[in-house]
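The structure appears below as structure tokens.
Each value in this text was obtained by applying a stated rule to the coordinates, not by laboratory testing. This structure is a prediction, so every number in the text was calculated from the model and none was measured. Glycine gets a Cβ as well: all are built from the backbone with ideal geometry, and neighbour counts include every protein chain shown.
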Amino acid sequence: MKKLLYSSVLFTVISFYSFAQTDIYVSFENEFLFQGASIKDHGNKMNNNMRFTAFFHTGANIHFDFFSWGGIYTGLGIRNIGYIQDEVPDPNIDKIKRRSYTLGLPLAVKVGKMEKMIVFAGGEYEWLFHYKEKTFTGDVKSVYKDWFSNRTKHFMPSVFAGVQFMNGVNLKFKYYLSNFLNEDYTDTYGGHPFSGMDVRMFYVSLSFNITYKMMRNIAEGGHPFVLRP
């Protein structure tokens, strides 16, 4: 019993000491996404084009640097994710573009020299809240928009990994673990247009991260391009 009590006290002291030594700060990011997808229709692979988007991708992360060589971060971010399908089973449609705005909550571990370069890996859970679909037939384009649409999954998990350089430039790869489309969706005619469709999206992103201390350095006329001034 005494050993258990001593161990508990020691663990508590170490925990408080570690937290006291933790460097906590916030960073803000803007991303450029180079997106692709693996698209299958009843097992048949469909062609798609790369989708580049620069708007609207922004977020804020709170960092906990427990050591000079490692820590974790979490936060909130908004992204515009989607894909371009240029091979469509329907002969009346030449191309389809689908996208959704998402609100994501990431959690990641990072290691490296915090003032020079770090590598990181983690997962994210995203809520899809605004869907948009464009279909093209010749010169005719039709657009459909929907808040909180049932055409997609409401939530999507993903995994990611990347590297951040000293000047705040961040290079990341992300892969979504679930189907973008909702196969159980029922249209107004009682049909299931996404039955048999499996869309697994991924992207490479280039982002620029800035901390409060960087902004303070800029205001004071200093050099902003350090990871953690």
Projected-area mean, segment 126-194, by convex hull of Cα positions, square nanometres: 7.3 nm²
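What is the calculated FRET efficiency for S68 to L206, with r their C-beta to C-beta distance and R₀ = 35 Å, to the nearest 0.05?
0.85
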For peptides 128-139, 76-87, sequence by mean Cβ density within 10 Å, most packed first: 76-87, 128-139
Alpha-carbon gyration tensor eigenvalues x 5, square-rooted, for segment 22-219, Å: 36, 16, 15
J(HN,Hα) series, segment 30-42, from Karplus relation 6.51 cos²θ - 1.76 cosθ + 1.60, nearest Hz, glycine and proline x: 10, 10, 10, 10, 10, 10, x, 7, 9, 10, 10, 10, 6
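Given the convex hull over the Cα atoms of segment 54-106, what projected area results after averaging over all orientations, in nm²?
Values: hull surface 22.6 nm².
Averaged projected hull area, Cα only: 5.6 nm².
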Nonlocal amide H pairs with H57, under 5 Å, H built at 1.01 Å: E31
Backbone HN-Hα couplings from phi across segment 164-173 [Karplus 6.51/-1.76/1.60, Hz, Gly and Pro as x]: 10, 9, 4, 8, x, 6, 10, 10, 9, 10
Listed peptides 45-56, 104-115 by packing density, highest first (mean Cβ within 10 Å): 104-115, 45-56
Reachable aspartates and glutamates, given that their alpha-carbon falls under 15 Å from the alpha-carbon of K40 and they are not under 8 places away in the same chain: D86, E87, D90, E183, D198
Dipole in debye (nearest 20) - segment 22-219, about Cα centre, beta carbon charges: Lys, Arg +1; Asp, Glu -1: 480 debye
Segment 18-110: Cα Rg divided by the 2.2 N^0.38 Å rule of thumb: 1.54
Phi to ³J(HN,Hα) by Karplus 6.51 cos²θ - 1.76 cosθ + 1.60 over segment 78-93, Hz, x for Gly, Pro: 10, 9, 10, 10, x, 8, 10, 9, 9, 10, 10, x, 6, x, 7, 10
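Compute the signed sum of charges (Lys and Arg +1, Asp and Glu -1) over the other residues within less than 14 Å, Cβ to Cβ, of V119.
+4
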